[in-house]
1. Running a GNM on the chain with Cα contacts under 10 Å, which residue among 199, 184, 169 ends up with the highest mean-square fluctuation?
2. What do you get for the angle between helix 84-114 and the principal long axis of the chain? Use alpha-carbon atoms, 0 to 90 degrees, nearest ten.
3. Restricting everything to alpha-carbon atoms, can you work out Rg to Rh for region 152-228 with a Kirkwood hydrodynamic radius?
4. Once the Cα atoms of helix 201-227 and of the chain are each reduced to a long axis, what angle between those two axes, in degrees from 0 to 90 to the nearest 10, is obtained?
5. Which order results if 77, 151 are arranged by neighbouring Cβ count within 10 Å, fewest first?
6. Per DSSP H run of at least 4 residues, take -39500 (n - 2.57); add these up for the chain, divide by its residues and hand me the 222 nm value, nearest 500 deg cm²/dmol.
7. Let's test the formula: R0 of 22 Å, r as the Cβ-Cβ distance of residue 187 and residue 111. What FRET efficiency results, to the nearest 0.05?
8. Could you pull the Cα extents of region 66-116 along its three principal axes, largest to smallest, in whole Å?
């Protein structure tokens, strides 16, 4: 079965598995694996490689399993549709777009508290309280979810009438209904900023927005070339 998986998807799944093994090794050696997660750029924990490594790192085995199954479900279809090069571009660009919107959302909260987007580098972190310390030092992002949302949106654009089964709902729902519902839930959760919810919903939305415009650009370019 593994031999039948499209090459780009296969490599992504292998990387996700290898990174999880690396995470466990780092956690055993250093007590954490946060050097692979993505921190807000003003954080003292931020490193440039985190822009990529966070996409393959996951908070738990269930997080990895859920993202892996979702990527397998939609990724193989979209890689066959877009071909490997564009599928991988979609995955990575959506992942970066997801991280960008997440950084913007965190930056907005930091600015509200300090009056600066980069208070640490500007030496403004004096008596800012635990909220900013939490945002800068203890709010890393991990997971392929943002990139996955770009793949999910591309599936919606190409196959809106495809019927899907979602989690515990026993009835098939068309993609044009199910995926917008998922996005609406993310919007509500992102705006609500509920303290009990650890999920980076703005990252999900950033990946979806990036994937949408990237696929639309490719479609527009194809039509333009056809008429030129």
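1. It is 169.
2. 30
3. Using Cα coordinates only, the ratio equals 1.09.
4. Tilt relative to the chain: about 40 degrees.
5. 77, 151
6. So the helix-based figure for the chain works out to -22000 deg cm²/dmol.
7. Once the sixth-power term is evaluated, E becomes 0.55.
8. 48, 23, 10
Where a number appears in this text, it was derived from the coordinates with a stated rule and is not lab data. Keep in mind the model is a prediction, meaning the values are calculated, not measured. Positions of Cβ are generated from backbone atoms using ideal geometry, with glycine treated the same way; all protein chains shown enter the neighbour counts.
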